[in-house]
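Notes follow the structure.
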Amino acid sequence: MCFSYLSGTLNSHIGKLTQINEFFLDDNELTGTIPSQIGKLLNATYISLANNYFDGVIPSELGNLQNLEKLELHYNNLYGQVPVTLVDIPLVQLQLQGNYLYGDIPVGMCESTSMQYISANCAATRRPTPSPTSKSIGTIDTNFALPSPTASPTFEYRWSCNCCTYCFPYY
């Protein structure tokens, strides 16, 4: 249901869609909070609620989704911290940029053997950005900090990120 100009809220009855594998409601005009019942989509491997107007916190119940590999929540109005329960699922891709999140990405996510891609607003964390040669996941997009691809890393505090593979400026 991408780009369908849907508006309104996401009903708590979403939890009854237990057999769904992929759930796409991105690029609509949905508002309200993401209901905790989303944590009942036990067969979901891919959830995208990106580019809407959701607010509130990221439901910790997403940590119940043991098959979830891709979670796209970018460009909403979500706030708070990234739930530590997300460490317990086999995420390969997590997109969070364009929200009002704060705190650190849970360390366990950075150490996950499945995680390949995390994108977030880099001011969302207090830890220094790893250098491009660090053993953190993927590769860091350093376009914000380096004048050229061959320049040595000089990361500024505002671009800090503990394990993001892509950092976006936070204004």
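The values are calculated or read from the model by the stated rules, or taken from the named source; none is laboratory data. What you see is a predicted model; the values in this text were computed from it and never measured. No Cβ is skipped: glycine too gets one built from the backbone with ideal geometry, and neighbour counts run over all protein chains shown. Side chains included, ligands, DNA and RNA excluded: accessible areas come from the protein's heavy atoms. Shrake-Rupley method; radii C 1.70, N 1.55, O 1.52, S 1.80 Å.
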Handout entry: Positions within segment 69-86 being farther than 16 Å from LEU25 by Cα and either crowded, with 19+ Cβ neighbours inside 10 Å or aromatic (Phe, Trp, Tyr) (or both), in sequence order
Key = TYR79, VAL82, LEU86
Problem - Conditions (1) over 21 Å from LEU101 (Cβ atoms); (2) touching a strand residue (DSSP E or B) at 6+ places or on another chain (Cβ under 9 Å): number failed by PHE54 - result: (1)
Practice task
Of the numbered conditions (1) farther than 17 Å from LEU94 by Cβ; (2) in contact with an Asp or Glu (Cβ under 6 Å, 6 or more places away or on another chain), THR33 fails exactly one; give the number of that condition.
Solution key: (2)
Practice task
Scan (1) at pLDDT 80 or above; (2) under 13 Å from the mean Cα position of the chain (by Cα) for the single condition THR165 breaks and write down its number.
Solution key: (1)
Practice task
Tell me which of these GLY15 doesn't satisfy, since it passes every other one: (1) within 15 Å of the chain's Cα centre (by Cα); (2) open to solvent by less than 50 Å² (accessible area, probe 1.4 Å).
Solution key: (1)
